1. With the checklist (1) surrounded by 17 or more Cβ atoms within 10 Å (Cβ to Cβ); (2) in contact (Cβ under 8 Å) with a residue 60 or more places away in the chain in hand, flag the one item W195 doesn't pass.
2. Which residue is nearest to K7 (Cα to Cα), if the candidates are limited to region 155-197 and must be out of contact with any Gly (no Cβ under 6 Å at 6 or more places or on another chain) and among the β-branched types (V, I, T)?
3. Working only within region 123-158, note down all residues that are open to solvent by 40 Å² or more (accessible area, probe 1.4 Å), touching a helix residue (DSSP H, G or I) at 6+ places or on another chain (Cβ under 9 Å), over 17 Å from F30 (Cα atoms) and not polar (S, T, N, Q).
4. Looking for something in a helix (DSSP H, G or I) and polar (S, T, N, Q) - is there at least one such residue anywhere in region 163-179?
5. On the given criteria, is D35 at pLDDT below 95 and either over 30 Å from N2 (Cα atoms) or among the small types (G, A, S) (or both)?
6. Kindly indicate the residue of region 53-73 that is in a helix (DSSP H, G or I) and open to solvent by less than 30 Å² (accessible area, probe 1.4 Å) and also nearest to G87 (Cα to Cα) among those meeting that condition.
7. Report, ordered by the first and then the second residue, all pairs with beta carbons closer than 7 Å, sequence separation of six or more or different chains, a first member in region 1-24 that is part of a helix (DSSP H, G or I), and a second member that is among the aromatic types (F, W, Y) and modelled with pLDDT of 90 or more.
8. Within region 39-48, is even one residue in a loop (DSSP other than H, G, I, E, B) and open to solvent by 50 Å² or more (accessible area, probe 1.4 Å)?
Amino acid sequence: MNNDFLKGIKFLRKDKYLGTVVSKIEIPSFTNERDFFISLSKYVIYQQLSIKSARSIYDRFIGLFQNSIINPQNFKKISDTSLFQIGISRSKIIYINNIANRFINDKSFLNNINQMSDQDIINQLIVIKGIGPWTCDMFLMFTLNRLDILPIKDLGIKKGIQKLFKLKKIPTDDFMIKKSKQWSPYRTIACLYLWKL
């Protein structure tokens, strides 16, 4: 756990609303997955599924590679039938193929990622069919450990904010953006606690 993460927790403890949550809940784990192809494939699999279902399908996906390296080239060797049989929808099979093709056809894709802004990374990713705002946010948060990301399309975050601010309805995007400004530049860490809620 790096110093910036610990600084973020200290900062959020002072927040009027989130401070109590941060003080009561155990510090969330914040690991990162450095392989970009594996990460993006994982987040596509997790799109619009429960955590339990997605994790089960993702584990079976990893199992398809057996003893081979998980990379775009070896993914292309797996049949669509095999992918479909482990629970990956036909549309998501196409999406992961799109990601694999991008890595195979563009060797410099994301090479300078550490020098890129969050928005520049999103601009690079969003042109791949199957990668939307939520997938970009997950990549920024859990692959690159960018600390100021708010995935406004995530239902868990919406429900967390609803509970935190005692709202009767799911909050609007505008409400979420406005309220989250007080957690910047540590909105990613705030979200780890909102998911816990």
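The values are calculated or read from the model by the stated rules, or taken from the named source; none is laboratory data. What you see is a predicted model, and the numbers here were worked out from it, not measured in a lab. Note that each Cβ is placed from the backbone with ideal geometry, even for glycine, and that neighbours are counted across all protein chains shown. When the accessible area is computed, the model is the full protein with side chains, heavy atoms only, and any ligands, DNA or RNA have been set aside. Shrake-Rupley method; radii C 1.70, N 1.55, O 1.52, S 1.80 Å.
1. Failed condition: (1).
2. Within region 155-197, the first condition is being out of contact with any Gly (no Cβ under 6 Å at 6 or more places or on another chain), and the residues that meet it are 155-185, 187-188, 190-193, 196.
Those left that are additionally among the β-branched types (V, I, T): 157, 161, 170, 172, 177, 188.
Working: I157: 22, I161: 22, I170: 30, T172: 29, I177: 22, T188: 13 Å.
Checking each candidate, the answer is T188.
3. The answer is I126, V127, K129, P133, W134, K153.
4. Quick first cut of region 163-179, residues in a helix (DSSP H, G or I) only: 163-164, 173-179.
Now narrow it down to the ones that are polar (S, T, N, Q): none.
Within region 163-179, none of the residues are in a helix (DSSP H, G or I) and polar (S, T, N, Q).
5. Details: at pLDDT below 95: yes; either over 30 Å from N2 (Cα atoms) or among the small types (G, A, S) (or both): no.
No: the conditions fail for D35.
6. Filtering region 53-73 down to residues in a helix (DSSP H, G or I) leaves 53-63, 72-73.
Cutting the leftovers down to open to solvent by less than 30 Å² (accessible area, probe 1.4 Å) gives us 54, 57-58, 61, 72.
Details: A54: 9, I57: 6, Y58: 9, F61: 9, P72: 19 Å.
Filtering first and then ranking leaves I57.
7. Pairs that qualify, where the first residue is part of a helix (DSSP H, G or I) and the partner is among the aromatic types (F, W, Y) and modelled with pLDDT of 90 or more, are G8/Y186; F11/Y186; L12/W183; L12/Y186; L18/W183; L18/Y193; V21/Y193; V22/Y193.
8. Narrowing region 39-48 to residues in a loop (DSSP other than H, G, I, E, B): 47-48.
Then keep just the ones that are open to solvent by 50 Å² or more (accessible area, probe 1.4 Å); that gives 48.
Within region 39-48, one or more residues are in a loop (DSSP other than H, G, I, E, B) and open to solvent by 50 Å² or more (accessible area, probe 1.4 Å).
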